[in-house]
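See below for the structure under consideration.
The values are calculated or read from the model by the stated rules, or taken from the named source; none is laboratory data. This one's a predicted model, so the numbers in the text were calculated from it and none came from an experiment. Every residue, glycine as well, gets a Cβ built from its backbone with ideal geometry; the counts of neighbours run over all protein chains shown. All accessible areas refer to the heavy atoms of the entire protein, side chains included, with ligands and DNA or RNA removed. Shrake-Rupley method; radii C 1.70, N 1.55, O 1.52, S 1.80 Å.
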Amino acid sequence: MSFTNATLVFLGMTGMMTLYVGGQAIVTGERAYRWYTAYALCWSCYFVVKVFDPFEATPYDTVVYGCCRVVIPMIAYVCYYSFADALLNFRRNLPVVYRLFQRTQAVLLLYVLAETGASLVWPGWVVMPVHEWLHSVVRIGVAVVSVIGIVNATHRRDTLVNYFLVGSSMLLVGALTSMVMTMIMPNDEDTGFGSEPLLYLQIGITLELLCFSLGLSYKNKLTEVEKATAEQALLLEREQRNVAQLRAHFFTNVSHEFRTPLTLLIGPLAQLIQENPLNSTFQLMHRQATRLLTLVNQLLDLTKLDAGQLRPHLMPGHLPRFLRGLAGSFSSLADSRDVRLLIETDEQPPTALYDSDKVEKIVQNLIANALKFTPAGGLVRFSYHYDATRQQATIQVADTGPGIAPEQQARIFERFYQSPQTVQSGTGIGLALVQELVAVLGGQVSLSSPPGEGATFTLLLPVSETSASEAGEAVLTEDNGAPTRPNNHAASLAQPYTPAAESDTGLIELPLLLLIDDNADVREYLRMLFASSYRVLEASTGRSGLAVASELLPDMVVSDLMMPDMDGLAFCHHLRHNPATDHIPVILLTAKADVDSRIEGLRTGADDYLAKPFHPVELQTRVQNLLV
């Protein structure tokens with residue numbers, strides 16, 4: 001076989017691979033496919049002009065031949081370096097090699113411009129000895145840079161790198177063999193088929209392109225696998241989000257079912273305690289019912305955290321006063337356990353934006369936990385400090401209890417985790433809820449517990465200071481700093497409910513009160529609360545309640561939120577869009593105690609919003625305030 005025929009075979013093989021990869025470049029738009037195509041085309045053009053010399057016997061023969069012999073291989077090497085980066089992502093995985101390749105490409109492009117200019121000015125430049133020496137130096141430099149890239153790529157152990165290494169090695173061996181043979185036979189002496197130097201370069205390029213083609217196919221397969229994996233992960237994430245939302249919806253409904261009987265337990269017990277303040281049995285029952293309510297609320301909060309439904313709701317208030325009130329509410333519990341409760345707080349900032357609901361749950365959990373594990377005669381210290389420069393609140397709860405073992409501290413914030421050394425009862429929910437609520441507020445919580453020296457929990461919470469004028473009149477602030485609605489008139493629950501007064505002329509006509517709840521026991525309990533002071537109407541659904549309200553026009557409506565047929569929100573909406581009933585005040589009772597639900601209820605037209613279980617005196621007072 002002659003060298004010309006071998007060149008035709010080479011062109012046929014490279015042409016087929018180039019057409020296939022070029023088609024893939026058009027379809028996928030991948031950089032690696034484009035640079036492979038450009039690289040293969042450069043070598044095809046080089047051998048067409050080098051071997052067949054289509055410009056022979058033309059005025060352009062010398063210039064074209066010189067450019068073909070020098071310029072096209074250098075451009076091919078530029079494409080090679082770009083292909084290597086696109087295939088193996090040298091920019092991210094091997095930044096040192098990537099920068100070396102970039103500089104080599106810049107040098108080669110400058111060399112190409114210099115060679116092209118010299119060939120145009122001196123047509124015989126390509127055959128001068130100086131040119132041969134310079135061109136050999138450049139080719140040796142390219143080989144050195146390629147070797148450096150190959151050596152560095154070997155540190156990555158994967159199949160794609162292996163395809164690149166084998167292919168590059170084939171080219172390197174073929175190019176070096178061709179260069180050595182050219183130096184041995186500078187006059188192109190033909191001593192047989194194997195004596196043609198360019199033959200070895202053709203073999204090296206063919207094997208290299210074949211390895212690169214296999215590497216591109218393998219990368220395409222990896223891309224498809226990664227795409228399928230990403231789609232599966234996205235689908236799984238979507239399913240998990242849907243499951244979390246369904247679980248949150250389920251727990252909200254279950255919470256409603258728990259809160260309804262708890263309302264019928266805690267409300268009457270509060271009345272019995274008010275009538276029999278010395279009866280310890282009633283107080284014990286009330287504490288346990290309240291504890292059950294706390295557990296229900298914590299489980300519901302954890303479920304909402306999983307579903308991503310808990311968000312910070314910042315309202316203006318006096319944070320130091322609010323925290324003192326929270327900590328001070330544990331004084332009686334501390335006294336009953338013979339534990340000293342020390343409260344230390346700054347007075348700044350006077351007005352700040354914070355989430356009172358979440359801060360309350362965090363602080364209550366930490367103080368209750370500290371009191372539970374502090375022995376009689378011990379100390380629990382609550383401290384608050386505000387850093388105005390960082391706009392950060394630091395809250396610490398420290399106790400003198402047994403502390404937490406070092407091997408258990410890493411797990412103390414895990415859900416449902418309980419220390420095996422702990423003999424106290426618990427659920428393992430409180431501290432997990434604390435950590436996740438702190439994360440929702442954008443803060444941090446940490447634990448310090450040297451052996452035998454108690455435990456100290458430190459909270460770092462971002463708190464934005466604001467002025468009273470910026471707070472506006474939309475939200476008023478009670479003495480404890482918690483936000484409240486303007487129409488509550490700061491009613492004190494300590495005062496017993498006062499029934500309707502009598503005038504000298506006789507009994508004033510009692511107001512007409514409509515009670516709407518799908519639970520008959522709740523309606524009976526509400527009727528017991530209001531029967532002595534109001535004329536009471538009852539309805540078991542929102543739709544029937546709307547019919548009663550439209551016909552009899554009650555002075556006040558107390559309605560449940562979650563009901564079949566028509567819920568409390570829909571009831572409020574229809575009531576407010578009827579000119580005959582849009583003036584009737586409405587109080588919504590619901591198990592949905594979160595801020596979003598309260599805001600939704602108030603926006604729909606409710607005048608007040610009370611979470612179950614409620615204190616009977618509080619409900620009576622709110623009804624009375626709305627009727628004033």
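Answer yes or no as to whether residue 434 is at pLDDT 85 or above and open to solvent by 30 Å² or more (accessible area, probe 1.4 Å). No: the conditions fail for residue 434.
Take the residues in the stretch 197-247 that are of a type in the set (D, E, K, R) and within 20 Å of residue 83 (Cβ to Cβ); name whichever of them is most open to solvent (accessible area, probe 1.4 Å). Checked the stretch 197-247; the qualifying residue most open to solvent (accessible area, probe 1.4 Å) is 221.
Taken residue by residue, the stretch 395-415 has at least one member that is of a type in the set (Gly, Ala, Ser) and in contact with a Phe, Trp or Tyr (Cβ under 6 Å, 6 or more places away or on another chain). Count of the stretch 540-551 residues, restricted to those that are open to solvent by less than 40 Å² (accessible area, probe 1.4 Å) and part of a helix (DSSP H, G or I), is 5. Among the residues of the stretch 357-368, which ones are buried (at least 20 other Cβ atoms within 10 Å of the Cβ) and either among the hydroxyl-bearing types (Ser, Thr, Tyr) or over 26 Å from the mean Cα position of the chain (by Cα) (or both)? Selection gives 366, 367. Quick one: is residue 601 touching a helix residue (DSSP H, G or I) at 6+ places or on another chain (Cβ under 7 Å), part of a helix (DSSP H, G or I) and at pLDDT below 85? The answer is yes for residue 601.
Residue by residue through the stretch 76-103, note down the ones that are open to solvent by 20 Å² or more (accessible area, probe 1.4 Å), over 18 Å from residue 43 (Cβ atoms) and in a helix (DSSP H, G or I). Within the stretch 76-103, 91, 92, 93, 95, 96, 98, 99, 100, 102, 103 meet the criteria.
For the list (1) assigned to a strand (DSSP E or B); (2) within 23 Å of residue 611 (Cβ to Cβ), I need the number of the one condition that residue 537 fails. Of (1) assigned to a strand (DSSP E or B); (2) within 23 Å of residue 611 (Cβ to Cβ), only one is false for residue 537: (2).
Scanning the stretch 552-580 for residues that are assigned to a helix (DSSP H, G or I) and either charged (D, E, K, R) or under 17 Å from residue 610 (Cβ atoms) (or both) turns up 568, 569, 571, 572, 576.
Among the residues of the stretch 314-324, those identified as among the hydrophobic types (A, V, I, L, M, F, W, C) and open to solvent by 60 Å² or more (accessible area, probe 1.4 Å) are 314, 315. Considering the stretch 292-313 alone, what residues qualify as being part of a loop (DSSP other than H, G, I, E, B) and at pLDDT 75 or above? Selection gives 311, 312, 313. Close contacts from the stretch 127-146, counting a first residue that is modelled with pLDDT under 80 and a second that is exposed (fewer than 14 other Cβ atoms within 10 Å of the Cβ) and in a helix (DSSP H, G or I), with Cβ to Cβ under 6 Å and a gap of 6+ residues or different chains, come to none at all. The listed residues are 291, 311, and the only one of them that is in contact (Cβ under 8 Å) with a residue 12 or more places away in the chain, closer than 30 Å to residue 563 by Cβ and exposed (fewer than 15 other Cβ atoms within 10 Å of the Cβ) turns out to be 311. Taken over the stretch 273-288, the residue count meeting the criterion of being of a type in the set (A, V, I, L, M, F, W, C) and open to solvent by 60 Å² or more (accessible area, probe 1.4 Å) is 3. When restricted to residues that are open to solvent by 30 Å² or more (accessible area, probe 1.4 Å), assigned to a loop (DSSP other than H, G, I, E, B) and of a type outside the set (Ser, Thr, Tyr), the stretch 369-402 contains 7. You will find that of 410, 405, the residue that is of a type in the set (A, V, I, L, M), open to solvent by less than 30 Å² (accessible area, probe 1.4 Å) and modelled with pLDDT under 85 is 405 and no other.
Only residues that are of a type in the set (Phe, Trp, Tyr) and open to solvent by 70 Å² or more (accessible area, probe 1.4 Å) were counted in the stretch 552-582, giving 0. Could you look through the stretch 334-347, keep only residues that are more than 12 Å from residue 322 (Cα to Cα) and within 40 Å of the chain's Cα centre (by Cα), and pick out the one that is most open to solvent (accessible area, probe 1.4 Å)? Checking each candidate, the answer is 344.
Residue 327 falls short on exactly one of the conditions (1) open to solvent by 60 Å² or more (accessible area, probe 1.4 Å); (2) assigned to a helix (DSSP H, G or I), and that condition is (1).
Which of the residues belonging to the stretch 437-480 are among the hydroxyl-bearing types (Ser, Thr, Tyr) and either modelled with pLDDT of 75 or more or under 18 Å from residue 323 (Cβ atoms) (or both)?
The answer is 446, 448, 449, 456, 458, 464, 466, 477.
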